[in-house]
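Written out below as structure tokens is the structure these notes cover.
The values are calculated or read from the model by the stated rules, or taken from the named source; none is laboratory data. Computed from a predicted structure; not experimentally measured. Please note: Cβ atoms are built from the backbone with ideal geometry, for glycine as well, and neighbour counts cover all protein chains shown. Keep in mind that these areas ignore ligands, DNA and RNA; they rest on the heavy atoms of the full protein, side chains included. Shrake-Rupley method; radii C 1.70, N 1.55, O 1.52, S 1.80 Å.
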Amino acid sequence: MSLLEHTIRSIPNSLNQDALAAAKDRLANQAKPPGCLGIMEDISARLAAIKGTIDVHLTNKRIVTCAGDHGVTKEGVSLFPAEVTPQMVLNFVNGGASVNVIGKHAGAIVKAADIGVNYDFDPELPIFHKKVRHGTANFTKEPAMTRDEAIRSIEAGIEIVGELMAEAPVDLLGTGDMGIGNTTPSSAIIAAFSGIPVEKLTGRGTGIDDAALKNKIAVIQRGLDLHKPDPSDPLDILSKVGGLEIGGLAGLVLGAAAHGIPVICDGLISTAGALIACELAPVARQYLFASHKSVEIGHKYMHDRMGLTPLIDLQFRLGEGTGAAVCMELLDLSTRILADIKTFEEVGVTNI
């Protein structure tokens with residue numbers, strides 16, 4: 001049995017129903033109008049069900065930023081050259097990126113993962129060295145990767161979760177991405193699953209102008225027309241029009257679910273990875289939280305397909321794990337809402 005198959009089979013079919021019932025009962029009897037804290041109450045109850053207790057503590061928070069390059073950048077779909085990808089990985093290591101700053105504020109440790117960067121990093125560089133290949137192929141001419149490479153990219157993410165857990169039990173995992181051009185395969189993935197017209201799913205990525213956006217839409221459509229990815233086969237979609245870091249992100253979600261870890265996905269690319277994971281293993285959805293609503297228009301359709309409600313809308317469009325980092329603080333707060341707000345009985349209020 002492959003690591004991917006074993007991981008999917010290891011994900012529990014349901015969360016702890018006793019803890020969920022206890023959380024809902026406590027929320028209903030707290031000294032406040034029932035449901036008045038909205039989504040935060042739902043989050044707290046689900047975290048209780050994941051962790052098996054109403055007193056959840058999210059102490060060890062980690063963010064993994066998966067990186068990969070894309071052959072489709074040769075088609076002019078991004079403002080920035082592919083050489084920026086390895087440069088940004090080094091920036092993550094040096095602590096100078098947006099996710100480093102926001103993650104530190106949230107109390108999370110950030111670490112990058114090379115799943116498919118077209119660059120050879122020093123083996124001693126403190127990242128996860130999981131390179132499957134040096135970037136994907138240009139999917140307007142050939143499949144982005146082989147099916148075996150798609151599986152290996154997912155298993156890379158699963159392995160990372162296992163390595164993190166071997167260091168110390170992870171209480172909360174955030175997923176982030178880095179890869180010039182990766183909004184293009186992400187938009188292609190949701191188009192392949194949903195059948196929604198490409199022009200309704202494709203945004204401006206790094207801020208391309210109208211002409212470049214028109215070209216980007218045409219590029220995605222050419223890839224879909226050429227390869228005809230099977231919407232019932234997530235591995236077929238990932239291999240034909242996806243990205244290596246997107247596979248790694250899918251593996252993070254699956255690995256987290258198998259270990260009982262709640263996971264927050266970031267923007268369009270991280271959510272594309274989460275979508276692949278949930279199409280492979282629908283039960284993984286129980287462990288998944290959507291951090292924010294990206295400016296990228298395809299993001300909404302991914303959330304809709306998975307039945308996820310993003311927690312915030314700050315008009316982010318960066319990636320890296322920044323939205324996940326911001327929302328770690330909200331998940332932290334939700335645990336205190338459940339455990340620390342007193343019930344009417346605890347404060348001696350009667351005749352309610």
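When both bridge partners sit in the chain, DSSP labels roughly 5% of those beta bridges antiparallel.
Work out which helices of the chain, taken as complete DSSP H runs, extend at least 30 Å along their axis over the Cα atoms and score a mean Kyte-Doolittle of -0.5 or more, then list them.
Going by DSSP H runs, the hits are 147-167.
Give the relative contact order (percent, whole number) for the chain; include only Cα pairs under 8 Å separated by 6+ residues.
After rounding, I find 25 percent.
Principal axis extents of the Cα atoms in the range 292-352, from largest to smallest and rounded to whole angstrom, are 50, 22, 17. Shape annotation for the range 164-216: C-alpha extents along the principal axes are 49, 25, 12 Å, from largest to smallest. If you roll a 1.4 Å probe over the chain with all protein chains in place, what percent of the accessible area is carbon or sulfur? With neighbouring chains kept in place, the figure for the chain is 53 percent.
Other residues within the sphere of radius under 13 Å centred on the Cβ of Leu172, judged by their own Cβ, net out at +1 (K and R +1, D and E -1).
Counting Cα-Cα pairs of the range 1-115 in 5 Å increments starting at 0 gives whole-percent bin shares of 2, 9, 12, 11, 12, 13, 13, 11, 8, 5, 3, 0. Taking Lys and Arg as +1 and Asp and Glu as -1, the other residues whose beta-carbon sits under 12 Å from that of Thr202 total +2.
The longest stretch of the chain left intact once loop-based GluC sites (Glu not before Pro) with at most 14 other Cβ atoms within 10 Å are removed from consideration, loops following DSSP, is 125-352. Between Val101 and His134, the simple spin-label model (points 7 angstrom out along Cα→Cβ) gives 3.4 nm.
Please work out whether the range 195-352 counts as rounded, prolate or oblate from its C-alpha gyration tensor, where a ≥ b ≥ c are the square roots of the eigenvalues and a/c under 1.5 means rounded, while otherwise a/b larger than b/c means prolate and anything else oblate? Here the range 195-352 falls in the prolate category. Normalised radius of gyration (Cα atoms, divided by 2.2 N^0.38 Å) for the chain: 0.98. In this structure the chain gives 40 Å² per residue of accessible area when probed at 1.4 Å with all protein chains present.
What separates the Cα centres of the range 77-126 and the range 205-284 is a distance of 20 Å.
Got the relative contact order for the range 233-306 handy, in percent, Cα pairs under 8 Å and 6 or more residues apart? Relative contact order comes out at 32 percent. From its DSSP helices (H runs of at least four residues, each -39,500 (n - 2.57)), the chain gives a residue-normalised ellipticity at 222 nm of -15000 deg cm²/dmol.
Looking at the square roots a ≥ b ≥ c of the eigenvalues of the Cα gyration tensor of the range 118-169, which shape do they give, rounded for a/c under 1.5, prolate if a/b is larger than b/c, or oblate? In terms of gyration-tensor shape, oblate. Tell me whether the range 246-338 comes out rounded, prolate or oblate; compute the Cα gyration tensor, take square roots of the eigenvalues as a ≥ b ≥ c, and use a/c under 1.5 as the rounded threshold. Oblate shape, in that a/c is at least 1.5 and b/c is the bigger or equal ratio. Backbone amide hydrogens, once placed in the peptide plane, bring Val110 within less than 5 Å of Ile63, excluding anything fewer than 5 places away on its chain.
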